[in-house]
Amino acid sequence: FVAQNKINLAPEREQLVAVARKIAEAQTGLEAANAEAELVKVELRRSEVEVEVIVDRKKKDEQLMNSGAAPAKELEKISHEISSLNRRQAELEEIELEVMERAEKSSKEIERQTQDLHGLEVIKTELENRLSQLNADLNQEIEVKQKERIEVLPKISAELLSSLFSQLGTCANK
């Protein structure tokens, strides 16, 4: 009973509960960081595709303009479209750069969260090992006390026990 109380009241047990709570929080944080990273990855791919579409349209227009196969009015229209596509490409590339920066931040956050989680897992393992050692020490102490009791018991004479019980009985009758 005393040994069980020592285990239940060990500071490591309370620390283990706190670390387990922090691990759960860290896992939730890591899951959120991974989800954010996936969203950023999708956004980055979408941004890259939009830039590719603009570049392809611009190439076609430039080829048409360089070929001179279109009438002058059409060439002027194509020239304006190319200017417009250049502006749009610059805007999209700026957005793409911002998304890349977010992706890098996201990646660093995942790395940080992973390291935090790993550190907490190490602490948890250390606490579990200390509790296990405490349990083993207490079990060994219990075993020693039981052996001592077994060794002492035969040395107590039957007469002494009888006398003791009779005294107890006399005290109980009073």
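A compact table of results
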{"read-out": "Region 23-41 residues that are under 11 Å from I110 (Cα atoms), paired with ones that are open to solvent by 50 Å² or more (accessible area, probe 1.4 Å) and of a type in the set (S, T, N, Q) (beta carbon under 8 Å, 6 or more apart)", "value": "L30/T114; A37/S107"}
{"read-out": "Conditions (1) assigned to a helix (DSSP H, G or I); (2) open to solvent by less than 50 Å² (accessible area, probe 1.4 Å); (3) not acidic (D, E); number of the one not met by L64", "value": "(2)"}
{"read-out": "Test: residue in region 7-19 that is modelled with pLDDT of 95 or more and open to solvent by 60 Å² or more (accessible area, probe 1.4 Å)", "value": "no"}
{"read-out": "Region 1-51, residues that are basic (K, R) and closer than 30 Å to D137 by Cα", "value": "K6, R13, R21, K22"}
{"read-out": "Filter pass, V122 being open to solvent by less than 90 Å² (accessible area, probe 1.4 Å) and without any contact (Cβ under 8 Å) to a residue 40 or more places away in the chain", "value": "yes"}
{"read-out": "Which numbered condition F1 misses (of (1) open to solvent by 90 Å² or more (accessible area, probe 1.4 Å); (2) at pLDDT 95 or above)", "value": "(2)"}
{"read-out": "Any chance L75 is under 47 Å from the mean Cα position of the chain (by Cα) and either touching a residue at least 60 places away in the same chain (Cβ under 8 Å) or more than 27 Å from I110 (Cβ to Cβ) (or both)", "value": "no"}
{"read-out": "For S106: the one exception among (1) loosely packed, with under 14 Cβ neighbours inside 10 Å; (2) touching a residue at least 40 places away in the same chain (Cβ under 8 Å)", "value": "(1)"}
{"read-out": "Unmet criterion (only one of (1) more than 30 Å from I123 (Cβ to Cβ); (2) small (G, A, S); (3) in contact with an Asp or Glu (Cβ under 9 Å, 6 or more places away or on another chain)) for A69", "value": "(3)"}
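The values are calculated or read from the model by the stated rules, or taken from the named source; none is laboratory data. Small disclaimer: the values here were computed from a predicted structure and weren't measured. Methodologically, a virtual Cβ is constructed for each residue, glycine included, from the backbone with ideal geometry; neighbour enumeration extends over all protein chains shown. Note: accessible area is taken over every heavy atom of the protein model, side chains too, but ligands, DNA and RNA are not part of it. Shrake-Rupley method; radii C 1.70, N 1.55, O 1.52, S 1.80 Å.
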